[in-house]
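Below is one structure, written out as structure tokens; the observations come after it.
The values are calculated or read from the model by the stated rules, or taken from the named source; none is laboratory data. Model, not experiment: these values are computed from the prediction. So basically every Cβ, Gly included, is an ideal-geometry build from the backbone, and we count neighbours across all protein chains shown.
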Amino acid sequence: MGETNNVERLRRNDPKGRDSEAESRLSNELVATRREFVTALASRIADEHVKIEEIMLFAPAESSTDTPLYRLLAAKSREHYPGAGVLPAVSTGFTDSHFFREIGIASYGYGPFLLPEATLGSVHGNNERIVIENFHKGVALMREIVAEFAGITLTEE
């Protein structure tokens, strides 16, 4: 399969192993059709006890980096975090952005927070955390971005 496949979640119902049911969710950027992907996956698994079920069927989508909003995100990021690299990336997680993209609204999974290497492993996991100072800086940056994009002036609280 020449697609990009990411395991999003592996889960077993009973932590003591008494249950015979397990679940795996795959995120797939299709090069082939969905039917071809499911057929190829079933062929590789080759187990009649394994059920393959499609639970979310959204077409792959992306937003252009040639927009005023993207340029503002990049400029503000570099202003607040000198030397920061700003580039598009593919996320293996879920986002609601596809709803907006489907109706022509550019959407970016932008997080204006510094994440030190020590906290990266906690993202979406047990004991997920963020440094409080970085959280406050990120909120202030996001307020700046929204205000500038909307053409309004922020007042001090």
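Does LEU141 qualify as being of a type outside the set (S, T, N, Q), touching a residue at least 24 places away in the same chain (Cβ under 8 Å) and touching a His at 6+ places or on another chain (Cβ under 6 Å)?
Numbers: of a type outside the set (S, T, N, Q): yes; touching a residue at least 24 places away in the same chain (Cβ under 8 Å): yes; touching a His at 6+ places or on another chain (Cβ under 6 Å): yes.
Spelling it out, LEU141 is indeed of a type outside the set (S, T, N, Q), touching a residue at least 24 places away in the same chain (Cβ under 8 Å) and touching a His at 6+ places or on another chain (Cβ under 6 Å).
Being touching a strand residue (DSSP E or B) at 6+ places or on another chain (Cβ under 6 Å), surrounded by 11 or more Cβ atoms within 10 Å (Cβ to Cβ) and in contact (Cβ under 8 Å) with a residue 40 or more places away in the chain, is that true of even one residue in the stretch 94-113? Steps first, answer last, please.
To start, the set of residues in the stretch 94-113 that are touching a strand residue (DSSP E or B) at 6+ places or on another chain (Cβ under 6 Å) comprises none.
Checking the stretch 94-113: not a single residue is touching a strand residue (DSSP E or B) at 6+ places or on another chain (Cβ under 6 Å), surrounded by 11 or more Cβ atoms within 10 Å (Cβ to Cβ) and in contact (Cβ under 8 Å) with a residue 40 or more places away in the chain.
Report whether or not ILE152 is at pLDDT 85 or above, exposed (fewer than 13 other Cβ atoms within 10 Å of the Cβ) and not small (Gly, Ala, Ser). Show your work before the answer.
Details: at pLDDT 85 or above: yes; exposed (fewer than 13 other Cβ atoms within 10 Å of the Cβ): yes; not small (Gly, Ala, Ser): yes.
Against the criterion (at pLDDT 85 or above, exposed (fewer than 13 other Cβ atoms within 10 Å of the Cβ) and not small (Gly, Ala, Ser)), ILE152 qualifies.
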*Tell me, which residue of the stretch 75-93 that is hydroxyl-bearing (Ser, Thr, Tyr) and surrounded by 11 or more Cβ atoms within 10 Å (Cβ to Cβ) is farthest from ILE130 (Cα to Cα)?*
THR92
*asked:* Condition first: surrounded by 13 or more Cβ atoms within 10 Å (Cβ to Cβ) and modelled with pLDDT of 85 or more. Can you find one or more residues in the stretch 19-37 that meet it?
replied: no
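Could you go through the stretch 57-64 and let me know if any residue there is of a type in the set (Gly, Ala, Ser) and modelled with pLDDT of 80 or more.
Checked against the condition, which is being of a type in the set (Gly, Ala, Ser) and modelled with pLDDT of 80 or more, the stretch 57-64 yields at least one hit.
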_Residues that are closer than 16 Å to ALA75 by Cα, loosely packed, with under 14 Cβ neighbours inside 10 Å and not β-branched (Val, Ile, Thr), drawn from the stretch 127-149_ = ALA140, ARG143, ALA147, PHE149
*Spans of helices (runs of 4 or more DSSP H) in the stretch 47-127 with at least 1 residues closer than 23 Å to GLY151 by Cα*: 68-80, 97-101
